[in-house]
Amino acid sequence: MSYELIYYGLLQGMILGFVAFGMMVPFRLLAYSDLSAEGAYPLGGAVYTTMVLHGHSADMALVLSMVCGACLSMCSGCIAMRLNVHSLLAGILVSTMVYSLDLRLLGKPNVALFTFTVLENPLLKLFGGMIGLIMIIRYFLLTDYGLRFRAVGLHPRFSQAHGIKVSQQTYLGLGFAGMLYGFAGSLMVIMQQYMDVGMGMGIAIHGLAAMMIGEAMIGRETLTKQLMSPIIGAVIYQQVIGLVMAGGFEPSDLKLVTGCVVLVVLFCSNKRGLSC
Amino acid sequence: MIQLKAVYKTFNAMSRPVINDFHLTIRPQEFCVMIGANGSGKSTLFKLINQEIKPDSGEVNVLGDVYSVKQQVKEGAIGDMTVFENLALALMKYPKPLQYQRLRLTIIHLLENLDTDLVQYLDYPLRTLSGGQQQVIATLMGLYSNNPIVLLDEHTAALDPRMQRYLMQLTNKVIKRLNLTALMITHQVEDALQYGDRLLMIKEGRVALDIRGLQKKALTQKDVVGLYQLHTKTGRGEYEL
């Protein structure tokens, strides 16, 4: 396996790490199954691309893509909680709907951004960002606000009895997760200097797989382990895929290979007694 | 204050009303102990007071927020959180900045004042404690949850006699200290006589016996059992001492 393969595998792993971290928040901390990543991730990319093409600064485009991602995930939560639709279905629904919005924004299915400058030292910046994210979230979860947030996922009825507004905390968690999905989508566009409207296809599965690999590797007994597991999982997941591709598979086999990796992880997790 | 006026409640599967023309007024800061056989309507009454279910007819007026302490620990506490985190959740009604660390001192002070040995387990996950210790924590969480009315639904039933005695003493101490309005269901006649300002006996969805003060103190376990059997046999309605 060449140096480039490892390097780009790490970069993609870091970006996937943001998605997996985002998915961990509703799935593990709020016990809410959320698939809005499938829509928020490409939406982040589409918003970033559109903004940059219209001459806005990259920073502003990044912030707006995060806001749009957060809005989309919160919309999915609103549908699930207000209309009593299953959260998974609500996630799929908004993701399907936002596909048309992405096409409207971009005007065509794919846009190249080759003339724009790329991020310098991306691996270092992403790694720093990831550490900062873990530290901030860990600090938040150990405050009284964070305690109430965690209580919602662990015992919703208990939380209600103690005056915690479950829906409010769920919106907060979904908004944060959506922000990370949008951020990851923009990062991917920055990295590959290319936006494709179908880039979000299967991202929720990749994110979940990364989360489960991390949990199978380091466990989730403590808060620190729980927060680190999606990122470690994402990096390992991308490296495994890189390794498999280096072994002679065609790029068209990628979906089959990733599906098999997910199945192996599920099997190993069940063997270890970890619930998925 | 809790007030029930001519309350009826019937469940579809049952022909007779579970709560049948029920009248009861519980004054603020009163500690009522409720006894009665299984199926007499005690738990339904709790659900009505807690507004989990609505009466078919009649009025249920409750002034103040209600918290219900159940027999199962998992209903009232989070096993995956530490003892401190559980108590902190119960003690803070609204989160305030920098409250969290101050709460630790408050909780240590509170546990020491109650003569419990739980301070040493403050950073242990709740699920690692014994069933009795977990129930003590869950009960304390309910009592200190900033709700003026507390319903205790056989909260000592699953414990051994020594732990039952300890938890009852602790419950009584906290209720008196916090001036709570409390309503407790128990099958322990000894506890019913020893604790509380007022004793209520429920039979077939009605108050069969309602005594307080000196009358309650004069009553013995034998009297209560005798009275209850008499009611069970004759079904004469409300008994007057």
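Given +1 at the Cβ of Lys and Arg, -1 at the Cβ of Asp and Glu and no other charges, the dipole of the stretch A:197-276 around its Cα centre is 220 debye to the nearest 20.
Ranking B:39, B:128, B:19 by how far each Cα lies toward the positive end of the dipole of the stretch B:1-157 (charges on Cβ) leaves B:19 at the top. The mean sequence distance of close C-alpha pairs (under 8 Å, at least 6 residues apart), as a share of the length of chain B, puts its relative contact order at 28 percent.
Amide H to amide H, with H built 1.01 Å from N, residue B:19 comes under 5 Å of B:9, counting only residues 5 or more places away or on other chains. Largest first, the residues A:215, A:4, A:38 sort by 1.4 Å accessible area into A:4, A:38, A:215.
Need the C-alpha centroid separation for the stretch B:122-142 versus the stretch B:157-210, integer Å. About 20 Å separates the Cα centre of the stretch B:122-142 from the one of the stretch B:157-210.
Each residue of the stretch A:130-146 was assigned a 3J(HN,Hα) from its phi angle through the Karplus curve 6.51 cos²θ - 1.76 cosθ + 1.60 (θ = phi - 60°); the sequence is 5, 4, x, 4, 4, 5, 5, 5, 4, 4, 4, 5, 9, 8, 5, 5, x Hz, with glycine and proline shown as x.
Can you tally the net charge around residue B:43? Count Lys and Arg as +1, Asp and Glu as -1, for every other residue whose Cβ sits under 9 Å from the Cβ of residue B:43. So the environment of residue B:43 carries a net charge of 0. Ranking A:119, A:77, A:136 by how far each Cα lies toward the positive end of the dipole of the stretch A:44-170 (charges on Cβ) leaves A:77 at the top. Against the empirical 2.2 N^0.38 Å (N residues), chain A has a Cα radius of gyration ratio of 0.98.
Accessible surface of residue A:162, taken over heavy atoms with a 1.4 Å probe and every protein chain present, rounds to 10 Å². In this view, the solvent-accessible surface of residue A:138, computed with a 1.4 Å probe and all protein chains in place, comes to about 90 Å².
Cα-based radius of gyration for the protein assembly as shown, normalised by 2.2 N^0.38 Å, reads 1.24. Would you tell me the accessible area of residue A:78, worked out with a 1.4 angstrom probe on the heavy atoms of the protein chains, in Å² to the nearest 10? Spelled out: residue A:78, probe radius 1.4 Å, area about 50 Å².
Highest mean packing comes first when the peptides B:158-166, A:20-28, B:198-206 are listed by Cβ atoms within 10 Å, giving A:20-28, B:198-206, B:158-166. Taking Lys and Arg as +1 and Asp and Glu as -1, the other residues whose beta-carbon sits under 13 Å from that of residue A:261 total 0.
So which of B:70/B:173; B:47/B:222; A:225/A:271; B:47/B:173; B:70/B:222 end up more than 22 Å apart, counting from Cα to Cα? As for pairs spanning more than 22 Å Cα to Cα, those are B:47/B:222; B:47/B:173; B:70/B:222.
Applying the criteria of a DSSP loop state and at most 16 other Cβ atoms within 10 Å to the chymotrypsin sites (Phe, Trp or Tyr not before Pro) of the stretch A:154-256 yields A:249. The share of accessible area on chain A that comes from carbon and sulfur is 68 percent, using a 1.4 angstrom probe.
Kirkwood hydrodynamic radius computed over chain B comes to 18.9 Å, based on all pairs of distinct alpha carbons.
Look at where the Cα atoms of the stretch A:180-198 and of the stretch A:136-151 average out, and the two centres are 29 Å apart.
The values are calculated or read from the model by the stated rules, or taken from the named source; none is laboratory data. Since the model is a prediction, treat every value here as computed from it, not as a measurement. Positions of Cβ are generated from backbone atoms using ideal geometry, with glycine treated the same way; all protein chains shown enter the neighbour counts. Just so you know, the surface numbers come from the protein's heavy atoms only, side chains and all, with ligands and any DNA or RNA stripped out. Shrake-Rupley method; radii C 1.70, N 1.55, O 1.52, S 1.80 Å.
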